[in-house]
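Here is the structure we will look at, set down as structure tokens.
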Amino acid sequence: MILNARQKDAVAINHPFQCMAEGCENCYTTARYAAKCHKVGAVDLRDGSLILFSEEAENQARLEDETRWAAIAAEYRYECSCGEAYTTIPHAIGCRKCRDYTAEGYCTTVWDRSTDEVVWKIS
Ligand SMILES: [Zn+2]
Ligand SMILES: [Zn+2]
């Protein structure tokens, strides 16, 4: 397929999937995002192949995203004074951002997000 300058740029910056909707020239990093743009489909500008939008595939992908995010959230459950999330209590206590984002300049309290309980307090 023959690409215009805009499409060549899109490929160059790694956004090779263009929305298939009439008049829409949005380009994306993945076929899924391009297909979702107008819920029509995506064109792979590198070889001209088409990926049609499917509600089913989209729902499936969304479900996988949610599962992945839930897993990440479960892993990063310890929250320091400045609101950053960490996988362990010692990591949360040692948060470097607390230096800049808390009045004290260091972490004073750590919460467990899964229970909303304080799991550590500075003594
Ligand atoms: Zn679009
Ligand atoms: Zn912090």
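Computed values, structure above
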| quantity | calculated |
| --- | --- |
| Net charge dipole size for segment 5-56 [Lys, Arg +1 and Asp, Glu -1 on Cβ; Debye, nearest 20] | 140 debye |
| Which of Phe53, Asn14, Ala42, positive extreme of dipole for segment 5-56 (C-beta unit charges) | Asn14 |
| Segment Ile13-Tyr106, length gained on full extension (0.36 nm per residue, minus Cα span) | 29.4 nm |
| Vicinal HN-Hα couplings computed from phi for segment 29-41 (Karplus, 6.51 cos²θ - 1.76 cosθ + 1.60; Hz; Gly/Pro x) | 6, 10, 4, 4, 5, 5, 5, 6, 3, 10, 6, 10, x |
| 3J(HN,Hα) from dihedral phi, segment 64-72, Karplus parametrisation 6.51/-1.76/1.60, rounded to Hz, x for glycine, proline | 5, 4, 4, 4, 5, 5, 5, 5, 5 |
| Reach of Lys39 by Cα under 24 Å, taken over lysines that are not fewer than 8 positions away in the same chain | Lys8 |
| Ser114 versus Leu63: modelled label distance in nm, points set 7 Å from Cα along the beta carbon direction | 2.4 nm |
| Fraction of beta bridges assigned by DSSP in segment 1-122 that are antiparallel (%, nearest 5) | 100 percent |
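No value in this document is a laboratory result; all are computed from the given coordinates. Predicted, not measured: the structure shown is a model, and the values here were computed from it. Here Cβ is always computed from backbone atoms with ideal geometry, including for glycine, and neighbour counts include all displayed protein chains.
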